[in-house]
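Enquirer: Have a look at this one.
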Amino acid sequence: MLDACYTTSAVQTAVDLANTLRPIKGEDALETVEQLRDFLDDHPTAEPPSSSANHGTGPRHLTHADLTEARALRETVRAVLERANTDADEAVDLINDGLRRSRATPVLRHEDGRWWTEVTSDTDRRSAHLATTTLSALASVIATLGPARLGVCAGPSCRATFVDLSRNGSKQYCTRTCAHRASVAAYRSRISTR
Ligand SMILES: [Zn+2]
């Protein structure tokens, strides 16, 4: 059931979570409970289904335990994105172990005449739901497009992670900015060695 489909928003949530850490710059955008709340607000796909019905009924309850779990999850998600290309077996173990620990459960949904399946957590903890959303999205990408679609930007001063959902699957850089920077650097080095 996991390979039924992935949503680009769930895939993007996984990538964005991994990229809250910028290892080369040493920047970390997930150090406080407030930052975790902002991240979840910006990524509604990672919300438990029940919480959307509770919107506006009070402050969202997030604790330091959620932050600790989200940071541990980020390590797992980043490891999956970094290694799937070279060590798919390890990436698969990380995904399956993370899904098991977050009590991932497939559910069938029906709304506005449309049927679909999704993977959610069998708990109401937001960090657990974030885990099922991100890890099941990466699992779906691997199952449908292969592990080589997960990767790390080739920009020497970047190392941001990405998932390549393009048709030809030849992405090397996280963004056009990084690709442009690399081509300018290559051009300059050709000029200087002439
Ligand atoms: Zn980059």
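Enquirer: Tell me the trypsin sites (Lys or Arg not before Pro) within region 81-144 that lie in a loop according to DSSP and have at most 15 other beta-carbon atoms within 10 Å.
Expert: When the trypsin sites (Lys or Arg not before Pro) of region 81-144 are filtered for loop state and at most 15 Cβ neighbours within 10 Å, 103 remain.
Enquirer: So what is the relative contact order of the chain, in percent, for Cα pairs below 8 Å that sit 6 or more residues apart? Display every interim value, and only then the final one.
Expert: Details: 266 pairs, mean separation 50.4, N = 194.
With pairs under 8 Å counted, the relative contact order is 26 percent.
Enquirer: Place a +1 charge on the Cβ of each Lys and Arg in region 8-151 and a -1 charge on the Cβ of each Asp and Glu, then give the dipole magnitude about the Cα centre in debye, rounded to the nearest 20.
Expert: 140 debye
Enquirer: With each run of n ≥ 4 DSSP H residues scored as -39500 (n - 2.57), what mean residue ellipticity at 222 nm is computed for the chain after dividing by its residue count and rounding to the nearest 500 deg cm²/dmol?
Expert: Counting only the DSSP helices, I get -16000 deg cm²/dmol.
Enquirer: Hey, what does the equivalent ellipsoid look like for the chain, semi-axes from the Cα gyration tensor as sqrt of 5 times each eigenvalue, largest first, whole Å?
Expert: Details: eigenvalues 202, 80, 45 Å².
Semi-axis lengths for the chain are 32, 20, 15 Å.
Enquirer: Along the positive direction of the dipole of region 121-181 (beta-carbon charges: Lys, Arg +1; Asp, Glu -1; about the Cα centre), which of 127, 158, 140 reaches farthest?
Expert: Projecting each Cα onto the dipole axis, the largest value belongs to 158.
Enquirer: If you don't mind, there's one more thing I want to ask. Say R0 is 35 Å: what FRET efficiency, to the nearest 0.05, do residue 38 and residue 111 get from their beta-carbon distance? Kindly include the intermediate steps, with their values, before the conclusion.
Expert: Working: r = 28 Å, r/R0 = 0.79.
FRET efficiency, residue 38 to residue 111: 0.80.
Enquirer: Once the convex hull of the alpha carbons of region 106-194 is built, what does its volume come to per residue, in cubic angstrom? Could you put the intermediate results ahead of the total?
Expert: Numbers: hull volume 13.0 nm³, N = 89.
Once divided by residue count, the hull of region 106-194 is 146 Å³.
Enquirer: Rounded to the nearest whole Å², what accessible area per residue is found for the chain with the 1.4 Å probe?
Expert: 58 Å²
Enquirer: For a quick check of understanding: with a 1.4 angstrom probe and all protein chains in place, what accessible area in square angstrom does residue 124 have, to the nearest ten?
Expert: Probe radius 1.4 Å; accessible area of residue 124 about 120 Å².
The values are calculated or read from the model by the stated rules, or taken from the named source; none is laboratory data. All values derive from a computational prediction rather than experimental measurement. For neighbour counting, all protein chains shown are included, and Cβ atoms are generated from backbone atoms with ideal geometry for every residue, glycine included. Just the protein is used for accessible areas: all its heavy atoms, side chains included, with ligands, DNA and RNA removed. Shrake-Rupley method; radii C 1.70, N 1.55, O 1.52, S 1.80 Å.
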